[in-house]
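The values are calculated or read from the model by the stated rules, or taken from the named source; none is laboratory data. If you're wondering where the values come from, they're calculated on a predicted model, not measured in any experiment. Note: ideal-geometry Cβ built from the backbone for every residue, glycine included; neighbour counts use all protein chains shown.
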Amino acid sequence: MEKTIEELHGKYDLELERVVQEIRKRKAKLVLLQFPDGLKPYATSVVDFLESQTKETKTEFLIWFGSCYGACDVPTGLERINPKIDLVIQFGHNELQPSY
């Protein structure tokens with residue numbers, strides 16, 4: 001079941017505005033988004049949000065539905081994708097931690 005962007009914002013801070021800034025800064029046209037299993041239900045909502053914020057860039061988004069077990073689990077073979085992927089964004093899903 002697809003989760004909404006509102007549910008996502010209530011539970012996690014994926015720094016989506018920072019992602020939008022990076023897309024604009026790099027002038028990325030094709031962006032691969034990688035999610036751990038716990039965030040995959042939010043994937044299409046994240047794409048919808050990013051598309052709404054980057055309309056002027058005409059950026060296209062791909063969702064990697066393979067494994068993602070941490071920061072070192074980067075998909076292999078991306079160099080064979082044509083057109084070339086300009087930016088890979090990998091999300092984590094630690095819930096917001098209390099400040100001490």
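Within the set of pairs 6 or more residues apart or between chains, which connect a residue that is within 13 Å of F35 (Cβ to Cβ) and assigned to a loop (DSSP other than H, G, I, E, B) inside region 73-100 to a residue that is modelled with pLDDT under 80 and of a type outside the set (K, R) with Cβ atoms less than 7 Å apart?
Here the result reads D73/S67; P75/G66, each pair linking region 73-100 to a residue that is modelled with pLDDT under 80 and of a type outside the set (K, R).
Could you tell me which residue of region 34-56 is farthest from T76 (Cα to Cα), considering only residues that are among the hydrophobic types (A, V, I, L, M, F, W, C) and at pLDDT 95 or above? Reasoning before the result, please.
First pass over region 34-56, keeping only residues among the hydrophobic types (A, V, I, L, M, F, W, C): 35, 39, 43, 46-47, 49-50.
When the remaining residues are screened for being at pLDDT 95 or above, the result is 46-47, 49-50.
On the way: V46: 23, V47: 22, F49: 26, L50: 24 Å.
Among residues in region 34-56 that are among the hydrophobic types (A, V, I, L, M, F, W, C) and at pLDDT 95 or above, the one farthest from T76 (Cα to Cα) is F49.
Which numbered condition trips up L8, out of (1) among the aliphatic types (A, V, I, L, M); (2) at pLDDT below 90; (3) in a loop (DSSP other than H, G, I, E, B)?
Single failed check for L8: (3).
For region 47-66, give me each residue that is closer than 14 Å to I23 by Cα and either among the polar types (S, T, N, Q) or assigned to a helix (DSSP H, G or I) (or both). Steps first, answer last, please.
Within region 47-66, the subset closer than 14 Å to I23 by Cα is 47, 49-62.
Residues satisfying the conditions are V47, F49, L50, E51, S52, Q53, T54, K55, E56, T57, T59.
Take region 1-44 and flag every residue that is of a type in the set (G, A, S) and touching an Asp or Glu at 6+ places or on another chain (Cβ under 9 Å).
Listed by number, the residues that qualify are A28, A43.
When region 16-39 is examined, which residues are found to be surrounded by fewer than 17 Cβ atoms within 10 Å (Cβ to Cβ) and either within 10 Å of the chain's Cα centre (by Cα) or part of a strand (DSSP E or B) (or both)?
Selection gives L30 alone.
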